[in-house]
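The numbers here are math on the coordinates, done by the rules we state, and not lab data. Here the structure is a predicted model, which is why all the values come from computation and not from measurement. Cβ: placed from backbone, ideal geometry, glycine included. Neighbour counts: every protein chain shown.
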Amino acid sequence: MTCIVGLVDGQTVHIGGDSAGVGGYSLTVRADRKVFRNGDFVMGFTTSFRMGQLLQHAFVPPKRHPDTDVDKFMVTTFIDAVRDCLKTGGYAERHNEAELGGVFLVGYAGRLFRIDNDYQVGEAVDGFDAVGCGEQIARGSLYSTASMKPRERLKLALEAAERFSAGVRGPFHTEKTQ
């Protein structure tokens, strides 16, 4: 459960997230944040706090050569480093011969990417995206607030998700790329 939202404003990527830790019918408002910066990247995760802890504290983001296309870098070098980190940290799983990770948003080089649990890299044409149980609600909010400032858009999207999804709770936290 959770709601992570992100949007691109010019060359800056903004990501916001809630604080819910949900298991079944139990909810804990967590002190540790689901949104953080790691080097040139800003990230927000759902799926597992363990995965997020590894991405924040153990993951060493690879450097992209200036001649390497951002798409190619993300689907190869970046994802290979994420997979290695999650495997080393004991998080990655294998099901029916497929390796699975988790779902998170990544802001990098003025672009917003969605990483799914099969490690596919996606990028929405809308310039915004959301993940977690509140993602549909948040996407609707982001769509309807295009004329507003980024932080206000994130805040409204997260508030809407909290209002209409049992798995989303404040406080909300935001980060952006530099």
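What to note about this one:
- Residue in the stretch 41-98 that is nearest to GLU135 (Cα to Cα), counting only those that are out of contact with any helix residue (DSSP H, G or I) (no Cβ under 8 Å at 6 or more places or on another chain) and among the basic types (Lys, Arg): ARG50
- Test: residue in the stretch 59-73 that is surrounded by 15 or more Cβ atoms within 10 Å (Cβ to Cβ), part of a helix (DSSP H, G or I) and out of contact with any Pro (no Cβ under 9 Å at 6 or more places or on another chain): yes
- Of all residue pairs spaced 6 or more apart or on separate chains, those with beta-carbon atoms under 7 Å, a first member in the stretch 91-120 that is on the phi > 0 side of the Ramachandran plot and a second member that is part of a loop (DSSP other than H, G, I, E, B) and surrounded by fewer than 20 Cβ atoms within 10 Å (Cβ to Cβ) are GLY110/GLN11.
- Screening the candidates ASP118, ASP84 for the property of being assigned to a loop (DSSP other than H, G, I, E, B) and of a type in the set (Asp, Glu) yields one hit, ASP118.
- Residues of the stretch 1-58 satisfying the condition of being surrounded by 15 or more Cβ atoms within 10 Å (Cβ to Cβ), among the β-branched types (Val, Ile, Thr) and assigned to a strand (DSSP E or B): ILE4, VAL5, VAL8, VAL13, ILE15, VAL22, VAL35, VAL42
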